[in-house]
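The values are calculated or read from the model by the stated rules, or taken from the named source; none is laboratory data. Since the model is a prediction, treat every value here as computed from it, not as a measurement. Every residue, glycine among them, receives a Cβ derived from its backbone with ideal geometry; neighbour counts consider all protein chains shown.
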């Protein structure tokens, strides 16, 4: 199974690899037009056995591979990790025909892709995502970034991976929380543009949570295909692509509020997106409606949070509320004084709107974010 799309006449591929055809990775690399120099970056949290398995497979391509372990917690999505990668590329005389491969989640993928775009104004980038969120969302679309001065994704570029490898072994062995945290991004794709996704989530729950490869590959395929539909003709996010940010205005505000105050990763990005979608529907409809209930029911079905549990976060209700409110106005989608959000008045018909009713914004935070 594979997906292909073209940007400026350059072909990009997403390859789904079952364990019995993982050799496809070395074959693809061997046929790549490259100087045979590869920087292989992997997340320190990944099981070392799978790291070695992938590394040894990549070596069969005949490339010279430098392997570097990275600590890629969300708090490390910063200029230090970025310049660490750039320093390695410089020290080893990499060229524009060299390759950077990231084997990790969204943090490592975003920073690796940003480094790839900056080094000599661009070298080859390949992504092997290892979290559900990165598999179904951040691995494609070309968004690269670091968080800077406390603002999420405030410094970045658009730079697309040549190839994305989605591995059965990764899907099968994800920790339960990491696996489930990617489900909200899949729900998002269903709500904004693909009813088959919502149907699968409802009807194939048992196969999904038991990690049935065929069902998971189909779900990932449909989610990525939906994302491609929204970004392909709007790479720089001027209009249609913004719909992919459904839930993210509030989600990023929640993440920043918790992380900046506690310096700990109490909430996963996907978990925040789930809550953020509920916020945006509530703000638009001024109530809990059918769409709100659809999202909430799916989150509960997959044992995902529908609110921030204050008893798990060492912040007072007042501090969390005020910080979330302030952070909404720092959202990168804002083009004027008002932050923007994605309105879903009707399933599969997203619209870009501004938050103008600040009193109801306060009520939305109070009613939908924390208990």
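Determine whether segment 335-344 contains at least one residue that is under 21 Å from residue 195 (Cα atoms), surrounded by 15 or more Cβ atoms within 10 Å (Cβ to Cβ), in the same structural domain as residue 201 (by TED's automatic domain parsing) and under 20 Å from the mean Cα position of the chain (by Cα). Yes: one or more hits. Where residues in segment 73-107 are farther than 14 Å from residue 39 by Cβ and part of a loop (DSSP other than H, G, I, E, B), which of them is farthest from the chain's Cα centre (by Cα)? Checked segment 73-107; the qualifying residue farthest from the chain's Cα centre (by Cα) is 78. Being touching a residue at least 12 places away in the same chain (Cβ under 8 Å), closer than 27 Å to residue 295 by Cβ and assigned by TED's automatic domain parsing to the domain that holds residue 305 is a property that residue 193 has.
Hey, does segment 171-182 have a residue that's touching a strand residue (DSSP E or B) at 6+ places or on another chain (Cβ under 9 Å), surrounded by fewer than 24 Cβ atoms within 10 Å (Cβ to Cβ) and not in a loop (DSSP other than H, G, I, E, B)? No, segment 171-182 contains no residue that is touching a strand residue (DSSP E or B) at 6+ places or on another chain (Cβ under 9 Å), surrounded by fewer than 24 Cβ atoms within 10 Å (Cβ to Cβ) and not in a loop (DSSP other than H, G, I, E, B).
A quick yes/no check of all residues on (1) over 19 Å from residue 162 (Cα atoms); (2) out of contact with any strand residue (DSSP E or B) (no Cβ under 6 Å at 6 or more places or on another chain); (3) in the same structural domain as residue 140 (by TED's automatic domain parsing); (4) without any contact (Cβ under 8 Å) to a residue 60 or more places away in the chain:
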residue: 47; (1), (2), (3), (4): yes, yes, yes, no
residue: 71; (1), (2), (3), (4): yes, yes, yes, yes
residue: 80; (1), (2), (3), (4): yes, yes, yes, yes
residue: 100; (1), (2), (3), (4): no, no, yes, no
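Taking the criterion of being farther than 27 Å from residue 36 by Cβ, surrounded by fewer than 23 Cβ atoms within 10 Å (Cβ to Cβ) and touching a residue at least 40 places away in the same chain (Cβ under 8 Å), would at least one residue in segment 122-141 satisfy it? Scanning segment 122-141, I find at least one residue that is farther than 27 Å from residue 36 by Cβ, surrounded by fewer than 23 Cβ atoms within 10 Å (Cβ to Cβ) and touching a residue at least 40 places away in the same chain (Cβ under 8 Å), so the answer is yes. Right, residue 146: farther than 19 Å from residue 114 by Cα, assigned to a strand (DSSP E or B) and in contact with a strand residue (DSSP E or B) (Cβ under 7 Å, 6 or more places away or on another chain) or not? Spelling it out, it is not the case that residue 146 is farther than 19 Å from residue 114 by Cα, assigned to a strand (DSSP E or B) and in contact with a strand residue (DSSP E or B) (Cβ under 7 Å, 6 or more places away or on another chain).
Annotation: of all residues in segment 311-321 being in a helix (DSSP H, G or I) and surrounded by 14 or more Cβ atoms within 10 Å (Cβ to Cβ), the one that is modelled with the lowest pLDDT is 320. I'd like to check something: does segment 327-334 contain any residue that is exposed (fewer than 14 other Cβ atoms within 10 Å of the Cβ) and either assigned by TED's automatic domain parsing to the domain that holds residue 210 or in contact with a strand residue (DSSP E or B) (Cβ under 9 Å, 6 or more places away or on another chain) (or both)? No, the conditions are met nowhere in segment 327-334.
Tell me, yes or no, whether segment 290-310 has at least one residue that is within 12 Å of residue 191 (Cβ to Cβ) and in contact with a strand residue (DSSP E or B) (Cβ under 7 Å, 6 or more places away or on another chain). Yes, some residue in segment 290-310 is within 12 Å of residue 191 (Cβ to Cβ) and in contact with a strand residue (DSSP E or B) (Cβ under 7 Å, 6 or more places away or on another chain). Quick check on segment 199-213. Is at least one of its residues in a strand (DSSP E or B) and either touching a residue at least 40 places away in the same chain (Cβ under 8 Å) or under 19 Å from the mean Cα position of the chain (by Cα) (or both)? Within segment 199-213, none of the residues are in a strand (DSSP E or B) and either touching a residue at least 40 places away in the same chain (Cβ under 8 Å) or under 19 Å from the mean Cα position of the chain (by Cα) (or both). Tell me, please, whether a residue that is surrounded by fewer than 22 Cβ atoms within 10 Å (Cβ to Cβ) and out of contact with any helix residue (DSSP H, G or I) (no Cβ under 6 Å at 6 or more places or on another chain) can be found in segment 102-116. Among the residues of segment 102-116, not one is surrounded by fewer than 22 Cβ atoms within 10 Å (Cβ to Cβ) and out of contact with any helix residue (DSSP H, G or I) (no Cβ under 6 Å at 6 or more places or on another chain), which makes the answer no.
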